[in-house]
């Protein structure tokens, strides 16, 4: 059962957007998906409460702030949305269960510095050898200097950069209804699905 963890110590970088859309992708493939939310803000859990009954099912399970629990029987794929400032014992417990860790990163100097330290911590963790790691640039406008700096930074990581996702209202509008890119007609979100293709390939690998 693959467990995909979405993590970055910086708040507001798009962890919940990534986590919900990854869960939506797995659900669209017909998998029995569990979306766990260990972020105190409970953004992903709130999103699940908005999800329409007609949409492909994505389940949740109870997770206390200090305890990671196993998903119920029957689930085949797990996505974990994690809090800002993740470290210490909770960080280790989550990595023990993870198969893949995907790190969202925005093109700002603050996000870059915070993520550099987090990636160093991640690569030094004793569980890292069993993990597949990937980075996704979030809300990236390729025409900006900030985007150029982000490109320069990720080139130094030695980790795969799976995609650069554009800043679009599609994510906001869909999230407000408990939906993802993978729940609507492809023609509505064609540009975004194209950007997600490499992420989807990595998730399936």
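The modelled label-to-label distance between residue 130 and residue 116, using points 7 Å beyond Cα along the C-beta direction, is 3.2 nm.
Secondary-structure-derived ellipticity at 222 nm for the chain, considering helices only, amounts to -12000 deg cm²/dmol, per-run term -39500 (n - 2.57) for DSSP H runs with n ≥ 4.
Counting neighbouring beta carbons within 10 Å and listing from fewest to most, the residues 149, 10, 100 come out as 149, 100, 10.
One decimal place: the segment residue 198-residue 50 gains 50.5 nm when fully extended, by the rule 0.36 nm per residue minus the C-alpha distance.
Extension gain, residue 93 to residue 29, is 20.2 nm, computed as 0.36 nm per intervening residue step minus the present C-alpha separation.
If the chain between residue 169 and residue 144 were fully stretched, how many nm would it gain, using 0.36 nm times the residue separation less the Cα-Cα distance?
Values: separation 25, 0.36 × 25 = 9.00 nm, distance 1.85 nm.
Working it through step by step, the gained length comes to 7.1 nm.
According to the square roots a ≥ b ≥ c of the eigenvalues of the Cα gyration tensor, what is the shape class of the chain, taking rounded for a/c under 1.5, prolate for a/b larger than b/c otherwise, and oblate for the remainder? Could the numbers behind the result be given before it?
Details: a/c = 1.61, a/b = 1.08, b/c = 1.49.
Taking the square roots of the gyration eigenvalues as a ≥ b ≥ c, the chain is oblate.
Annotation for the stretch 169-205 versus the stretch 90-112: alpha-carbon center distance of 21 Å.
Quick note: the coordinates plus some simple rules give every number you see, no bench work behind them. Predicted model, so just to flag it, every value in this text is computed and none were measured. Positions of Cβ are backbone-derived with ideal geometry, glycine not excepted, and every protein chain shown enters the neighbour counts.
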